[in-house]
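Q: Would you mind keeping the following structure in view while I ask a few things?
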Amino acid sequence: MPQQAQNKSLENVHESVKIEKGKFKKILSFFGPAYLISVGYMDPGNWATDLAGGSQFGYTLIWVLLMSNIMALLLQSLCTRLGIVRRKDLAQCNRETYPKGMNFVLYILAEIAIAACDLAEILGMAIGLNLLFGIDLLYGVLISFADTFLLLYLQRLGMRKMELFIVGLITMIGLCFLTEMFLAKPDFGEVAKGFIPSIPNSTALYISIGIIGATVMPHNLYLHSALVQTRKIKRDDKSIKRALKYNFWDSAIALNLAFFVNAAILILAASVFHKNGYHEVAELNDAYHLLGTTLGTDLAPKLFAVALILAGQSSTVTGTLAGQIVMEGYLHLRINPVLRRILTRLLAVVPAVLVILIFGENEVGSLLIFSQVILSMQLAFAIIPLIHFVSDKKQMGKFTISTITKFFAWTIAFIICILNAQLVYEEFNNWMRDNNSYLFKLFLVGLEVGLLVLLLLTFIIPIIRKKDSEEIKEIHEPFEPFTLNEITTQHFSRIAIALDFSKTDHKIINYATQLAQQDTTLILIHIVESASVKYTGEKTDDTEAQSDLKRLEKYAHILRPLFKQTVIQLGYNNRVNTIAKICEEQQADLLIVGSHGHKGFMDFIFGETINKLRHKVKIPLFIAK
């Protein structure tokens with residue numbers, strides 16, 4: 001197998017799950033990643049197409065759900081193969097294969113898709129909160145921001161507990177719809193007939209396109225290729241083959257659960273709405289209110305709303321993980337997880353809030369459809385590279401996919417790309433009809449052409465660009481060799497020592513004397529922060545300043561017999577800025593400060609010096625602990 005790159009996908013949980021001994025425990029060790037993936041197949045964005053299909057055509061389009069589920073299973077199994085064999089996620093492989101500029105465009109598209117997915121989940125949760133508790137949609141959207149730190153807490157608990165949390169949510173969603181099925185009493189004979197392929201008319205074809213287009217989520221392809229790397233497996237062929245097998249069954253079970261939820265929504269719409277003559281139900285609000293009317297019980301709509309909230313909550317966890325994978329894979333950029341979570345959520349919350357404020361709550365349904373169109377635009381740019389990568393014999397070795405698998409994979413890719421292109425084309429045409437601005441129409445045409453060109457490049461570049469299988473892109477700056485003769489032996493000539501008159505002062509001075517020569521100038525610094533200084537912000541000669549000056553003189557008196565050029569310097573008020581300014585004025589070439597060991601809330605109380613200071617000074621900073 002080719003040499004692996006040094007960067008790890010989801011490094012904080014990479015290979016964090018050990019494979020247990022014993023056959024049953026070993027199998028269970030591999031189960032989990034696909035459940036995080038499955039929530040993307042039952043998120044609120046899918047519900048509208050399921051409701052529309054069931055209310056208009058009864059049980060006729062269940063076969064479309066089954067077909068889309070089979071397609072999803074094949075694609076997700078390709079993701080697991082990529083992650084297990086190459087130990088890289090889809091974003092990392094893209095970065096190695098495509099040109100830098102094109103990679104950046106693919107990254108932006110992936111981020112937009114994740115934001116669109118998060119938008120659908122936020123709206124689903126907000127609608128569920130509105131239906132269940134009567135909370136305004138605007139407040140529901142803002143409340144959804146409160147789960148920003150949920151993922152961070154789950155990650156601290158470990159990968160297995162996060163997976164268990166998601167499995168719990170999926171189980172509750174399944175129980176909600178199982179109860180709905182009991183209340184709706186569907187005709188299972190008619191349900192069975194729905195698995196026979198048929199398309200009654202052009203409207204059914206359009207809804208089928210929507211069902212397939214909304215099923216496979218592009219962020220799931222990035223996510224699954226990374227999540228399988230959380231298992232610590234041996235790198236021999238037997239262990240890899242076993243991991244591929246168990247992950248396939250993990251995907252099959254999890255996606256079948258997702259199929260059950262989607263099928264349950266469609267069957268519910270068929271048995272409750274279509275049967276009673278309600279053939280135009282596609283909005284979540286309408287479904288909620290009609291469930292209570294037609295079934296004659298308040299339990300059914302409440303369970304519907306609860307399942308909607310749970311689906312939105314479970315999906316938002318996986319969306320953030322996908323965002324982390326995309327950013328780190330394409331850009332090799334790691335940012336604070338809290339900031340990453342806030343940015344992802346803001347990209348979804350801000351459009352939702354603006355639409356509700358400007359156009360009102362009636363346009364939320366259109367916004368939900370818009371999010372699915374955005375996802376459809378991105379999907380092809382994830383599927384095509386994926387198939388290329390798992391078909392590469394140089395990189396995959398004996399684990400490259402077979403010819404028959406390639407045939408079905410490319411066929412599925414072609415079908416999904418055509419169907420999604422049709423969905424995007426139809427929506428663009430609708431926007432053109434509703435908007436008379438020529439600039440807007442020109443923008444849409446340019447966007448369509450640009451996406452088509454990018455799609456062709458995505459398909460062609462891996463074929464024409466023959467890359468050496470052993471070539472690994474440098475993560476850091478290129479290595480520049482040096483000789484020992486080039487290493488300077490020059491010592492520090494002017495050392496600044498920041499003292500705060502605490503117990504750490506002795507350690508700081510001790511380190512300074514070890515780094516100094518007899519001709520080194522030691523600059524003893526202390527910052528006066530008395531009440532009068534805080535009030536005026538200027539130099540003062542109060543009692544505290546006089547006392548501090550005397551103490552500095554005592555330190556200098558002890559040091560001068562060995563280091564004759566010891567000077568003292570008082571500063572006032574702002575610790576960070578003043579120390580940096582003194583270092584510059586005294587032309588110091590090293591600064592030594594003491595660390596007190598407090599962090600977090602204690603930093604807020606006592607102030608944070610070192611972290612800010614290291615960005616202010618232009619010389620080396622030595623931290624004495």
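The values are calculated or read from the model by the stated rules, or taken from the named source; none is laboratory data. Just so you know, these numbers come straight off a predicted model, no measurement behind them. Backbone-built Cβ (ideal geometry, glycine too); neighbour counts: all protein chains shown.
Q: Suppose we keep only residues that are touching a strand residue (DSSP E or B) at 6+ places or on another chain (Cβ under 9 Å) and either buried (at least 24 other Cβ atoms within 10 Å of the Cβ) or of a type outside the set (Ser, Thr, Tyr) (or both) within region 15-49. Which one would you say is modelled with the lowest pLDDT?
A: GLU15
Q: Looking at region 558-566, can you tell me whether even one residue there is part of a strand (DSSP E or B), surrounded by 16 or more Cβ atoms within 10 Å (Cβ to Cβ) and at pLDDT 90 or above?
A: yes
Q: Still on this structure, I have one more. So is ALA48 out of contact with any Phe, Trp or Tyr (no Cβ under 8 Å at 6 or more places or on another chain) and small (Gly, Ala, Ser) or not? Explain how you work it out, then say what you get.
A: Values: out of contact with any Phe, Trp or Tyr (no Cβ under 8 Å at 6 or more places or on another chain): yes; small (Gly, Ala, Ser): yes.
Yes; evaluated as a whole, the condition is true for this residue.
Q: Another question, then. Those residues that are out of contact with any helix residue (DSSP H, G or I) (no Cβ under 9 Å at 6 or more places or on another chain) and among the aliphatic types (A, V, I, L, M), I need them from region 552-588; list them, please.
A: Residues satisfying the conditions are LEU552, ALA556, ILE582.
Q: If you check ILE122, ILE84, ILE127, which single one turns out to be in contact (Cβ under 8 Å) with a residue 40 or more places away in the chain and either of a type in the set (Lys, Arg) or touching a strand residue (DSSP E or B) at 6+ places or on another chain (Cβ under 9 Å) (or both)? Break it down stepwise before answering.
A: Values: ILE122 fails: either of a type in the set (Lys, Arg) or touching a strand residue (DSSP E or B) at 6+ places or on another chain (Cβ under 9 Å) (or both); ILE127 fails: either of a type in the set (Lys, Arg) or touching a strand residue (DSSP E or B) at 6+ places or on another chain (Cβ under 9 Å) (or both).
Going through ILE122, ILE84, ILE127 in turn, just one is in contact (Cβ under 8 Å) with a residue 40 or more places away in the chain and either of a type in the set (Lys, Arg) or touching a strand residue (DSSP E or B) at 6+ places or on another chain (Cβ under 9 Å) (or both): ILE84.
Q: I've got another one for you. Looking at region 226-261, which of its residues are of a type in the set (D, E, K, R) and within 18 Å of THR400 (Cα to Cα)?
A: ARG235, ASP236, ASP237, LYS238, LYS241, ARG242, LYS245
Q: In region 284-303, what residues are within 36 Å of the chain's Cα centre (by Cα) and either surrounded by fewer than 19 Cβ atoms within 10 Å (Cβ to Cβ) or not assigned by TED's automatic domain parsing to the domain that holds ALA52 (or both)?
A: Result: ASN285, ASP286, HIS289, LEU299, LYS302.
Q: OK, next. Pairs needed: first member in region 608-625, closer than 20 Å to PHE492 by Cβ and surrounded by 15 or more Cβ atoms within 10 Å (Cβ to Cβ); second member anywhere, at pLDDT 80 or above and of a type in the set (Phe, Trp, Tyr); C-beta distance under 6 Å; at least 6 residues apart or different chains.
A: ALA624/TYR511
This table checks each residue for (1) assigned by TED's automatic domain parsing to the domain that holds GLU426; (2) touching a Cys at 6+ places or on another chain (Cβ under 7 Å); (3) surrounded by fewer than 13 Cβ atoms within 10 Å (Cβ to Cβ); (4) more than 18 Å from PRO33 (Cα to Cα).
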{"position": "GLY189", "(1), (2), (3), (4)": "yes, no, yes, yes"}
{"position": "ALA192", "(1), (2), (3), (4)": "yes, no, yes, yes"}
{"position": "ASN220", "(1), (2), (3), (4)": "yes, no, no, no"}
{"position": "SER225", "(1), (2), (3), (4)": "yes, yes, no, no"}
{"position": "ILE233", "(1), (2), (3), (4)": "yes, no, no, no"}
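Q: Any residue in region 276-305 that is acidic (Asp, Glu) sitting within a Cβ distance under 8 Å of a residue that is surrounded by 20 or more Cβ atoms within 10 Å (Cβ to Cβ) and assigned to a helix (DSSP H, G or I)? List the pairs, counting only those 6 or more apart or interchain.
A: Every condition considered, the pairs that remain are GLU280/SER55; GLU280/GLN56; GLU283/ALA48; GLU283/LEU51.
Q: Take region 371-417 and flag every residue that is among the aromatic types (Phe, Trp, Tyr) and either touching a Gly at 6+ places or on another chain (Cβ under 6 Å) or touching a residue at least 40 places away in the same chain (Cβ under 8 Å) (or both).
A: First pass over region 371-417, keeping only residues among the aromatic types (Phe, Trp, Tyr): 381, 389, 399, 407-408, 410, 414.
Within region 371-417, PHE381, PHE389, PHE399, PHE408 qualify.
Q: Taking the conditions exactly as written (among the aliphatic types (A, V, I, L, M) and in a helix (DSSP H, G or I)), does ILE196 satisfy them or not?
A: no
Q: List the helices (runs of 4 or more DSSP H) that sit entirely inside region 66-184 and contain at least 2 residues that are of a type in the set (A, V, I, L, M, F, W, C) and closer than 16 Å to TYR222 by Cα.
A: In region 66-184, the matching helices (runs of 4 or more DSSP H) lie at 90-97, 100-133.
Q: From the set of residues in region 215-229 that are at pLDDT 90 or above and of a type in the set (S, T, N, Q), which is nearest to ALA409 (Cα to Cα)?
A: SER225
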